[in-house]
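K.L.:
Right, I'll just put the structure down here and ask away after.
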Amino acid sequence: MQLNEFLATVPELSYEQKRDAAKAHPVTVGNMLEASTVNGWLSAFKLLPIVKQIAENEPNHPAHSDVLAVWVGLLGNHQFNFKIGNITGDGQIAALNRLITTDLTEHAAALNMFKQTALYYANTVTYPLAKTTLYDVLTTENACPTAAVSKVGGYLAFTLNDVVEEHSARLWGVNPRTNRSTVLGNMRLSDAGAYEFKMPTHYLDFTDYAIDDAYGVI
């Protein structure tokens, strides 16, 4: 998920709240499970002999069709799908739930342990926006304020008056030939103190120099 996509879902929040919500937003990534992995879990939970017995020798068992699908998958070295929210995965989870609640209730405890293990590894929870800063939010929404900076010789000089989230702020200047504001470069900011930016010579005749001031401390 991209930051702009997430921000579109929370228009009612303040910029600071949007940052915090983005950092905490979980995204589940589905993973296919290898047959060898599933085989190992079934063995660990002492379910593999039961699966083999029902699949090969008990065609009239109420769990036969679901168990046979598992057995065929193991023998064929197929991948297993237990992804939540996926059509196939949801179907496999439903079959597992049938075994637990209806068709193999005598093995429900072991099946539940297998289910929890499979779901955990098949559905990895990630936080792709965990490093989002207030600066990221403001620039993504084209709402970042700026502060004027001074040109001293071939440098732009300014002071950061407080510690901020580390970010790469854009420096701006107005092109006298087009009268348009142009990004001159970026500077990493975090610690309070004096900063200076050496300008390329072709920007020395620009005017109205400024820098992104997301935190209001320049």
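K.L.:
Which of the lysines could be linked to Lys151 by a straight reach, that is with a Cα gap under 24 Å, when you skip same-chain ones fewer than 8 residues away?
P.N.:
Within the straight-line limit of under 24 Å, Lys151 reaches these lysines: Lys198.
K.L.:
Right, another one. Which one of Ala24, Thr124, Trp172 is farthest out on the positive end of the charge dipole of the chain, using unit charges on Cβ (Lys, Arg +1; Asp, Glu -1) and the Cα centre as origin?
P.N.:
Going by the Cα projections, it comes out as Trp172.
K.L.:
Modelled label-to-label distance, Ile87 and Glu165, 7 Å Cα→beta-carbon offset: nm?
P.N.:
The answer from the label model is 3.9 nm.
K.L.:
Between Val149, Thr102, Pro49, whose Cα lies farthest towards the positive end of the dipole of region 41-149 when Lys and Arg beta carbons carry +1 and Asp and Glu beta carbons carry -1, centred on the Cα centre?
P.N.:
Toward the positive end, the furthest listed residue is Val149.
K.L.:
Would you list Thr139, Thr182 from fewest to most Cβ contacts within 10 Å?
P.N.:
Listed from fewest to most nearby Cβ atoms, that is Thr182, Thr139.
K.L.:
Here is a follow-up. Quick one: helix 15-24 against the long Cα principal axis of the chain, what's the angle to the nearest 10°, folded into 0 to 90?
P.N.:
Taking the Cα atoms of the chain, the angle to 15-24 is about 30 degrees.
K.L.:
Among rounded, prolate and oblate, which fits region 144-212 when a ≥ b ≥ c are the square roots of the eigenvalues of its C-alpha gyration tensor, a/c under 1.5 means rounded, and a/b larger than b/c means prolate?
P.N.:
prolate
K.L.:
Here's something else I'd like to know. Once the Cα atoms of helix 108-122 and of the chain are each reduced to a long axis, what angle between those two axes, in degrees from 0 to 90 to the nearest 10, is obtained?
P.N.:
Rounded to the nearest ten degrees, it is 30.
K.L.:
For Lys18, give me every one of the lysines with a C-alpha distance below 21 angstrom, ignoring sequence neighbours fewer than eight places off in its own chain.
P.N.:
Those lysines meeting the cut-off are Lys131.
K.L.:
Under a straight-distance cross-link criterion of Cα-Cα below 29 Å, which lysines are reachable from Lys46, leaving out those fewer than 8 residues away in the same chain?
P.N.:
Lys83, Lys115
K.L.:
Would you kindly give the portion of the calculated P(r) for the chain that falls above 20 Å, as a percent of all Cα pairs?
P.N.:
It works out to 69 percent of all Cα pairs.
K.L.:
Also, I was wondering about something else. Once you keep just the Cα pairs under 8 angstrom separated by 6 or more residues, what percentage relative contact order results for region 15-74?
P.N.:
Across region 15-74, relative contact order equals 29 percent.
K.L.:
Size of the dipole of the chain about the Cα centre, Lys and Arg at +1 and Asp and Glu at -1 on the beta carbon, nothing else charged, in debye to 20?
P.N.:
In total the dipole reaches around 340 debye.
K.L.:
Quick check on the chain: helices-only [θ] at 222 nm, where DSSP H runs of length 4 and up contribute -39,500 (n - 2.57) each and the sum goes over total residues. Nearest 500, please.
P.N.:
The per-residue figure over the chain is -11000 deg cm²/dmol.
K.L.:
Contact order normalised by length for the chain, with contacts defined as Cα pairs under 8 Å and 6 or more residues apart; what percent is it?
P.N.:
Relative contact order comes out at 21 percent.
K.L.:
Assign unit charges at the C-beta atoms only (+1 for Lys and Arg, -1 for Asp and Glu), then state the dipole size of region 144-212 relative to its Cα centre in Debye, rounded to the nearest 20.
P.N.:
Taking the Cα centre of region 144-212 as origin, the dipole is about 380 debye.
All of the numbers you see were taken from the coordinates with simple rules; none came from a lab. Everything numeric here is computed off the predicted structure, so don't read it as measured data. Neighbour counts run over all protein chains shown; Cβ positions are idealised from the backbone, glycine included.
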